[in-house]
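**Q** Sharing a structure with you now.
The values are calculated or read from the model by the stated rules, or taken from the named source; none is laboratory data. Please read these numbers as outputs of a predicted model, since none were measured by experiment. No Cβ is skipped: glycine too gets one built from the backbone with ideal geometry, and neighbour counts run over all protein chains shown.
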Amino acid sequence: MATKSQHAPAYAPLLAVLRALREGAGLTQRDLGARLGKPQSWVHNCEVANRRMDVAEFCAWAAACGADARDALSRYLAAASADPSNAATKKAARRSRAGQS
């Protein structure tokens with residue numbers, strides 16, 4: 001059976017960033033859910049990898065926490081590139097720093 005992408009090692013730093021964004025904004029899961037028009041359980045499931053988050057949801061999450069999505073993505077890329085098992089993420093981070101797509 002295939003492993004779901006949100007359970008891959010490269011996804012783990014994203015979970016930390018999501019929670020740090022929320023906590024840094026002083027929001028509870030319930031507060032953030034209300035800002036996003038989602039239930040608290042949706043926020044919880046995103047933070048513990050029971051649910052995979054897409055880019056649009058990530059941008060909305062960052063905005064609801066008062067953060068710039070580009071800065072939040074940079075935080076994820078920095079955290080992910082620090083993990084030696086994330087070679088593909090490191091390559092993407094280098095390209096991002098170089099201004100490539």
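**Q** Can you name the residue in region 57-101 that is surrounded by 14 or more Cβ atoms within 10 Å (Cβ to Cβ), of a type in the set (Gly, Ala, Ser) and modelled with pLDDT of 95 or more and is also nearest to residue 32 (Cα to Cα) among such residues? Before the answer, list the steps.
**A** In the first step, residues of region 57-101 are kept if they are surrounded by 14 or more Cβ atoms within 10 Å (Cβ to Cβ); the result is 57-65, 67, 69, 72-81, 83, 86, 89-90, 92-93, 96.
Filter once more, keeping what is of a type in the set (Gly, Ala, Ser): 60, 62-64, 67, 69, 72, 74, 78-81, 92-93, 96.
Keeping just the survivors that are modelled with pLDDT of 95 or more gives 60, 62-64, 67, 69, 72, 74.
Values: 60: 10, 62: 10, 63: 10, 64: 7, 67: 13, 69: 16, 72: 16, 74: 21 Å.
So the residue we want is 64.
**Q** Looking at region 57-70 only, could you name the residues that are touching a residue at least 24 places away in the same chain (Cβ under 8 Å) and over 10 Å from the mean Cα position of the chain (by Cα)?
**A** Listed by number, the residues that qualify are 60, 64, 65, 66, 67.
**Q** Can you pull out every residue in region 32-56 that is buried (at least 16 other Cβ atoms within 10 Å of the Cβ), farther than 14 Å from residue 76 by Cα and either within 9 Å of the chain's Cα centre (by Cα) or of a type outside the set (Lys, Arg) (or both)? Spell out the reasoning first.
**A** The initial filter retains those residues of region 32-56 that are buried (at least 16 other Cβ atoms within 10 Å of the Cβ), namely 32-33, 35-36, 38, 42-43, 45-47, 49, 53.
Remaining after also requiring farther than 14 Å from residue 76 by Cα: 32-33, 35-36, 38, 42-43, 45-46, 49.
Hits for region 32-56 are 32, 33, 36, 42, 43, 45, 46, 49.
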